[in-house]
Amino acid sequence: MPGMVLFGRRWAIASDDLVFPGFFELSLRVVWWIGILTLYLLHRGKLDCAGGVLLSSYLIVLIVLLAVIICTLTAIVCVSMKGTICNPGPRKSMAKLLYIRLALFLPEMGWASLGAAWIADDIQCDKTVVNGIIATVVVRTQIWCPATLRRASPFSISNRTTSGTARSLMRSSAIPQAPPSCRTRTAEYDLVGGDQLSCHFGSILQTTGLQYRDFIHISFHDKVYELPFLVALDHRKESVVVAVRGTMSLQDILTDLSAESEDLNLECGVQDCSAHKGISQAARYVYQRLINDGILSQAFSIAPEYRLVVVGHSLGAGAAALLAIMLRSSYPQLRCYAFSPPRGLLSKSLYEHSKNFTVSLVLGKDIIPRLSVTNLEDLKKRILRVIAHCNKPKYKILLRGCWYELFGGDPDNLPTELDGGAQGHLTQPLLGEQSLLTHGSPTYSFSSDSPLESPAKYPHLYPPGRIIHLEEEGTSGRFCRAAARYSARWAHESQFSKILIGPKMLTDHMPDVLMKALDSVVSDRAAYVFCPPGGGSNVDVV
């Protein structure tokens, strides 16, 4: 796991990171060597021309040199496959092999230059041999960089946690720029944020199927603690809908990161009213706009018999849940639907209170409904534990993960953790001069080194309302996701008390993926929502 030390410097690459780049170069070298050997064996009888001795000598030395390089690369790959993440002992010879490999570049480059010089002398020999040597020189110049030292990047995770609100705003902000035709329409609604955003509103119209006259207020105003939102009339459900947008900008990310707890002054008859600071301030901003600007009053003056529904996705879901708590005293029939809300949102008492009017929907292993400061600390400890107890080399784990991502399967079929193990390894920092293999000071601990353990600033927080968990039936890979089927059931918040690592932990948070899963559940008559255990609060799901 620690970086290799070469030329007196520690590099950001471990001795077990050379399997894939080493195998790649080895494959190229073997093909190259076979081609040169074939060329020499088939045409060595045609090298009795002027300069043929030089070409023959060049090919023989090149064949021998390539054979030595192939042997060295084979040794590098084999050694890199040994040991485990935290047991580099079997790979201790890697530094010497890399020094040998680097030393072989000098004669290889010199011999390639010499071959180029000989070919430039216009040697009158068989054209096939001459062209073959030219090809070897060209190929050599293309791969002259030490490929075995290039940092391997087997996979990448795109942090795609940006999102929309609910169904009405999930796809609305995908248009980067409004074309001129979108700016000429006269707006009949209250649009905040500039006329150039009319095309964003056009995507909302197309997604929701509502009419211009159905929208009361649309705000694209976006600052820290100030989220975009809209208010519309849903005549089919006879509801005034407040939809709050999720994370889509740097300002939204800063709101997400304000994760300390904040006491709230709420008129809901609940003790210990505390919540996520950034999200609570965002909810308070929307609340003030709705009440102080008379937006809700305008909506209910048009449809006084309608009830209020608050929705949101991701950050917007958290803000919607807190907004619903703030509005509940004025609108007792209010309902809130939070799509993929963050876990670290409400205190225990507010969480229990929100069950009366809030329903959250979570898809699969979505990381956001499991994300909180305390859960991140738990994840750090579990990652260190897995690394310290890992019994498989890194390349096997990566290959198995790629197989699971592409073709599905059961991750438990490849256990990667030792039975038991020395807990003393867990008391060491993961990176730096001291590795997990080195027994350092016993005074080091996870909690003493982390400011995130402060119970006053970061208490245990809960997700909003009662939770419907959408789970994929069976397993599927990337090539068979179109046939994925989902079931829905009520879940307890404790089921989301840990962050689950998996290929879909990020994609399950995407609003389009969530909507496809919801459509699958609704269209599949065999899938249904089980009644909540224990005779919980009656929350109607529409």
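The values are calculated or read from the model by the stated rules, or taken from the named source; none is laboratory data. Here the structure is a predicted model, which means the values were calculated and not measured. Here the Cβ is made from the backbone with ideal geometry for all residues, glycine too, and neighbour counts use every protein chain on show. Accessible surface is based on the protein model in full, side chains and every heavy atom, while ligands, DNA and RNA are left aside. Shrake-Rupley method; radii C 1.70, N 1.55, O 1.52, S 1.80 Å.
Listing for the model above:
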quantity	calculated
Residues being over 27 Å from Thr208 (Cα atoms) and not aromatic (Phe, Trp, Tyr) - total across segment 331-353	10
Cβ pairs under 8 Å, 6+ apart, first in segment 331-346 and assigned by the TED database to the domain that holds Phe496, second in a loop (DSSP other than H, G, I, E, B) and of a type in the set (D, E, K, R)	Leu334/Arg328; Arg335/Asp540; Ser340/Asp366
Pick from segment 471-490, criterion at pLDDT below 60 and not in a loop (DSSP other than H, G, I, E, B), ranking: most open to solvent (accessible area, probe 1.4 Å)	Phe479
Filter result (hydrophobic (A, V, I, L, M, F, W, C) and either more than 12 Å from Gly316 (Cα to Cα) or touching a helix residue (DSSP H, G or I) at 6+ places or on another chain (Cβ under 6 Å) (or both)) within segment 219-252	Phe220, Val224, Leu227, Phe229, Val231, Ala232, Leu233, Val240, Val241, Val244, Leu250
Selection from segment 373-410 of residues that are of a type outside the set (Phe, Trp, Tyr), closer than 13 Å to Thr84 by Cβ, open to solvent by 30 Å² or more (accessible area, probe 1.4 Å) and assigned to a helix (DSSP H, G or I)	Val386, Lys394, Lys396, Ile397
Index of the failed condition, Ser494 passing every other in (1) of a type in the set (S, T, N, Q); (2) within 26 Å of Leu308 (Cβ to Cβ); (3) at pLDDT 90 or above	(2)
Which listed residue is in contact with a Cys (Cβ under 8 Å, 6 or more places away or on another chain) and among the aliphatic types (A, V, I, L, M), from Leu254, Leu264, Leu205	Leu264
Spans of helices (runs of 4 or more DSSP H) in segment 1-107 with at least 1 residues touching a residue at least 24 places away in the same chain (Cβ under 8 Å) and touching a Cys at 6+ places or on another chain (Cβ under 6 Å)	52-80
Residue match in segment 225-244 (condition: open to solvent by 10 Å² or more (accessible area, probe 1.4 Å) and in contact with a Pro (Cβ under 6 Å, 6 or more places away or on another chain))	no
Out of Gln271, Gln281, Gln298, sole residue that is open to solvent by 80 Å² or more (accessible area, probe 1.4 Å), assigned to a helix (DSSP H, G or I), in the same structural domain as His217 (by the TED database) and not hydrophobic (A, V, I, L, M, F, W, C)	Gln298
Pair list, Cβ < 7 Å and 6+ apart or interchain, from segment 256-277 residues that are more than 15 Å from Leu227 (Cβ to Cβ) to residues that are of a type in the set (Val, Ile, Thr) and open to solvent by less than 30 Å² (accessible area, probe 1.4 Å)	Ala259/Val373; Leu266/Ile325; Cys268/Ile325
Qualifying residue in segment 203-212 (condition: open to solvent by less than 50 Å² (accessible area, probe 1.4 Å), modelled with pLDDT under 90 and small (Gly, Ala, Ser))	yes
Residue ID - nearest to Pro511 (Cα to Cα), chosen from residues in segment 343-356 that are touching a Ser or Thr at 6+ places or on another chain (Cβ under 7 Å) and crowded, with 23+ Cβ neighbours inside 10 Å	Arg343
Unique match (being on the phi > 0 side of the Ramachandran plot and in the same structural domain as Ser349 (by the TED database)) among Gly202, Gly209, Gly246	Gly209
For Ser450: the one exception among (1) polar (S, T, N, Q); (2) modelled with pLDDT under 55; (3) open to solvent by 30 Å² or more (accessible area, probe 1.4 Å)	(3)
